[in-house]
Each structure stands twice: as C-alpha cells, then as structure tokens.
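I have placed the structure first, in the form of structure tokens, so that the comments after it can refer back to it.
The values are calculated or read from the model by the stated rules, or taken from the named source; none is laboratory data. Please read all numbers here as calculations on a predicted model, not as lab measurements. Positions of Cβ are generated from backbone atoms using ideal geometry, with glycine treated the same way; all protein chains shown enter the neighbour counts. Ligands, DNA and RNA are stripped out before the accessible areas are found, and what is left, the full protein with its side chains, is counted by its heavy atoms. Shrake-Rupley method; radii C 1.70, N 1.55, O 1.52, S 1.80 Å.
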Amino acid sequence: MRAQNSAIDPDRVAVRAVVAERPGRAACPPTPPERPGRLTGTLLAAVGVTSFSLTFPATAWGLEGFGPYSLISVRCALAALVAGACLLALRVRPPERRHWAGLAVVAAGVVVGFPLLTTLALETATTAHSAVVVGLLPLTTAVFSSIRTGSRPSRTFWIAACVGAAAVIAFTVQQSGGALTRADLFLFAALLICAAAYTEGGRLASVMPGWQVIAWALVLCLPLAVAGAAISLPYEPVHLTGHAVAGLLWVAVGSQFLGLVVWYKGMALIGIPKASQLQLAQPLLTLVWSVALLGETLPVAAPLTAVAVLLCIAVTQRARG
C-alpha cells in the first residue's frame, strides 16, 4: 500500500500543477524584465557620438599650432601608443593572419585617410561646411556595405540615399560659388575612403571585439606615424598654444580611440539599429560646436541641409528594416 501511494503521489502533484495553471486560478504572469544594460548602452553610444561631433572643431584648434601633416602624424602616434598600451595591459593576442588585410583597410581609411583628408579640407573650409558634407557618411557607408555584403536594399532606401546626396552636393556647390573647391574634393574623397573602412571594420567586428579592430589598426600605423612625424615636424612650425594642445589630445585620444571604444560598447548593448539613430545627431552637434567653440557664423543653408540629410538617413534606416 505504501508503494502504491508513492506511485500515485507524482500524478497528484502533476494534476495540481495543471489545475493551478488554468485561467482564473493563477495570477497573471510576471512582466518580463527589461533588457539589462539598455540605459547604460544608450549613454555610452551617446558619449561616442558626442566625441565624434567634436572632431572637426578639435582639428581646427589643432591647426592653430600644428601643420596638417604634423598634426595627423602626432595624432596617429599618440592614439597608437594608447591603443597599444591597452592591448598589452589586457594581454590581447594578435589577430589571425587572415584578418590583417581587413585591418589594413581600416587603418588606411579611418586612421590615415579620413583624418588626413578632412584636416586638409579644414585648412580652407569651415567646420560647419565640412560637417554638412560629411553628414553623408552613414548613407555612403550603407551603399558600400550593400556592395560588400551583396545585400539588396529596397527602392525606398536608394531614393532616400540619392536625395540626401543631391542635397549635400547642392549645398556644396551653392556655398562654393557654383563649383566644387579643393576642400570639397578632399571631403568627398574622405567620405569614400572612410565608408570603405567602416564597412570592413563592421565585418571584422563580427569576429573580434570592435575596440580591438580600431586598436590593432592604430598599432599597424604606428611605424608610419612615427616616420611621418619625424619628417613633418622639422618643416612645419609648431606653436604649442592651449587650443592646439587641447585639440591634438582630443582628436588623438578622444575621437580616434576612446570615442570608438565607448561607441562599440554601447552599440553591443543596444544594437546597431538603435545606435545608428543616435548617430543621426552628429552633424547637427558639430554645427553647435562650430558656433560655441569657434565662433563661426552658420549660413542658413547649413542647418537646413543637415536636417534634410538627417531625414534621408532616418528613411534609409527604416527602409533597411
């Protein structure tokens, strides 16, 4: 009899469990907890976007005391030293050999090409003008990404991308008196090379932490940066003003490395789509800094074009799903 009771008891327990789960007998199911780290991720991504928006004003400050080539060389060398120290402190193993070609593309675009071309442009163009032109970067990156990955965005995506590009081209031609200037050519070339580097960096970030992508790209450029500094510093006079030093330190440590670290961390916590929505504010933030830090006067077309580009990018984000 005791054995029978022991055999029946599990069935009774199961029946009671089923009865307890019937509607009306049990309490409403608990609300699932919110995704952990969402607020932290949003804040980190916002800090990253803010750091990027200060790059052009900081570069303008750096040009007050450095020549364009010495500024880029010293900027790259300082950022590479910081990145290398972080890699050593965390004992990060070098990437596999098959990843070095992609890292070279990232280095050529993000570490050398984009900073050099935009710095040359900022010698004659205002930061407000440059911010509007470079506001096309998310669209350009999306186009490169579709080509690189073989994806097929919708017709709405391509229409919005073309409208955004047309708005920026119309702005640059109008501001340049009917023809593209040397600075505009530098900026458009910077768009292309940076978009290619972002696309390749995004691919590499799927196989290694994002901050390590930029860290190894910086370390890869260290010999070139040291050689460039050794050649350019004797020929370009250096005046270490407060603005020049602050601008150099920001573009080297803030924009080139730490900004990307917090950006990638925030993007990992909240996802690429939500993070990209925050990046839409970057050109408008740069316009604010150009007025607040540099005292520039904005033409009416600058904020209007920036808003038009922002709307086009928002449409492409939704069109891509």
(message) Can you name every one of the helices (runs of 4 or more DSSP H) wholly within region 152-270 that holds 1 or more residues which are among the hydroxyl-bearing types (S, T, Y)?
(response) 155-175, 182-204, 210-232, 259-270
(request) Among the residues of region 168-220, write down those that are closer than 19 Å to L90 by Cβ and among the small types (G, A, S). (result) A205, G210, A215, A217
(message) So T172 ticks every box in (1) in contact (Cβ under 8 Å) with a residue 12 or more places away in the chain; (2) farther than 24 Å from A229 by Cβ; (3) under 22 Å from the mean Cα position of the chain (by Cα) but one. Which box is left unticked?
(response) (3)
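Among the residues of region 154-169, is there at least one that is open to solvent by 60 Å² or more (accessible area, probe 1.4 Å) and under 17 Å from H129 (Cβ atoms)? Quick ask: steps written out before the conclusion?
We begin by selecting, within region 154-169, every residue open to solvent by 60 Å² or more (accessible area, probe 1.4 Å); these are 155-156, 158-159, 162-163, 169.
Going one step further and asking which of them are under 17 Å from H129 (Cβ atoms), we end up with 169.
So far as region 154-169 goes, yes, one or more of its residues are open to solvent by 60 Å² or more (accessible area, probe 1.4 Å) and under 17 Å from H129 (Cβ atoms).
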(request) Return only the number of the condition from (1) buried (at least 16 other Cβ atoms within 10 Å of the Cβ); (2) farther than 18 Å from A45 by Cβ that M267 does not satisfy. (result) (2)
(request) Considering each residue of region 114-135, count those that are under 17 Å from A189 (Cβ atoms) and open to solvent by 10 Å² or more (accessible area, probe 1.4 Å), and give that number. (result) 10
(request) Go through region 54-104 and give me each residue that's closer than 19 Å to W211 by Cα and among the hydroxyl-bearing types (S, T, Y). (result) T55
(request) Find the residue count for region 199-226, including only residues that are within 11 Å of A77 (Cα to Cα) and free of Cβ contacts under 8 Å to residues at least 40 places away in the same chain. (result) 1
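Could you check region 185-222 and list, in sequence order, the residues that are aromatic (F, W, Y) and more than 14 Å from L139 (Cα to Cα)?
Let us first name the residues in region 185-222 that are aromatic (F, W, Y), namely 186, 188, 198, 211, 216.
Those that are aromatic (F, W, Y) and more than 14 Å from L139 (Cα to Cα): F186, W211, W216.
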(message) Given the criterion part of a loop (DSSP other than H, G, I, E, B), closer than 30 Å to F66 by Cβ and touching a helix residue (DSSP H, G or I) at 6+ places or on another chain (Cβ under 8 Å), identify the matching residue among L298, L284.
(response) L298
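The rows are residues; the columns are (1) open to solvent by 80 Å² or more (accessible area, probe 1.4 Å); (2) closer than 18 Å to A225 by Cα; (3) over 21 Å from the mean Cα position of the chain (by Cα); (4) in contact (Cβ under 8 Å) with a residue 24 or more places away in the chain.
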| residue | (1), (2), (3), (4) |
| --- | --- |
| I72 | no, yes, no, yes |
| L78 | no, yes, no, yes |
| L90 | yes, no, yes, no |
| H99 | no, no, no, yes |
(message) Show me the helices (runs of 4 or more DSSP H) found entirely inside region 69-142 where at least 1 residues are touching a Ser or Thr at 6+ places or on another chain (Cβ under 7 Å) and not β-branched (V, I, T).
(response) 114-122, 127-134
